[in-house]
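A short write-up of the structure that comes next.
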């Protein structure tokens, strides 16, 4: 799942070398933390948070296929 978020984020930003994703698992729960350059934050969040919501939907769908729960935090 970490790779999925990384690929999506790198396709959206101007500085893909500054994209980092960390993953912490706790049983069935997974917390993914996405960090991007400050100038790219708007591109990842999108207007009214639409892109961020779409990324979170994809992550939740991928997690449900593995019987897990995933949360994406963008920093």
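Among the residues of the range 5-28, those that are touching a strand residue (DSSP E or B) at 6+ places or on another chain (Cβ under 7 Å) and either under 10 Å from residue 40 (Cα atoms) or surrounded by 12 or more Cβ atoms within 10 Å (Cβ to Cβ) (or both) comprise 5, 6, 9, 20, 21, 22, 23.
Of all the listed residues (61, 24), the sole one being free of Cβ contacts under 8 Å to residues at least 24 places away in the same chain, assigned to a helix (DSSP H, G or I) and out of contact with any helix residue (DSSP H, G or I) (no Cβ under 8 Å at 6 or more places or on another chain) is 61. For the condition under 10 Å from the mean Cα position of the chain (by Cα) and exposed (fewer than 15 other Cβ atoms within 10 Å of the Cβ), residue 71 qualifies.
For the range 25-68, which positions are over 13 Å from the mean Cα position of the chain (by Cα) and over 17 Å from residue 12 (Cβ atoms)? Result: 25, 26, 27, 28, 29, 64, 65, 66, 67, 68.
Which residue is surrounded by the fewest Cβ atoms within 10 Å (Cβ to Cβ), if the candidates are limited to the range 37-58 and must be under 15 Å from residue 4 (Cα atoms) and in contact (Cβ under 8 Å) with a residue 24 or more places away in the chain? Filtering the range 37-58 for residues that are under 15 Å from residue 4 (Cα atoms) and in contact (Cβ under 8 Å) with a residue 24 or more places away in the chain, the one surrounded by the fewest Cβ atoms within 10 Å (Cβ to Cβ) comes out as 58. Of the residues making up the range 27-58, those that are assigned to a helix (DSSP H, G or I) and in contact with a helix residue (DSSP H, G or I) (Cβ under 8 Å, 6 or more places away or on another chain) number 8. Note on the range 7-21: residues that are in contact with a helix residue (DSSP H, G or I) (Cβ under 7 Å, 6 or more places away or on another chain), without any contact (Cβ under 8 Å) to a residue 24 or more places away in the chain and assigned to a helix (DSSP H, G or I) amount to 2. The set of residues from the range 64-73 being touching a strand residue (DSSP E or B) at 6+ places or on another chain (Cβ under 6 Å) and not in a strand (DSSP E or B) comprises just one member, 68.
Where a number appears in this text, it was derived from the coordinates with a stated rule and is not lab data. Quick caveat: nothing in here was measured; it's all calculated off a predicted structure. Neighbour counts are summed over all protein chains in view; Cβ atoms, including those assigned to glycine, are modelled from backbone coordinates with ideal geometry.
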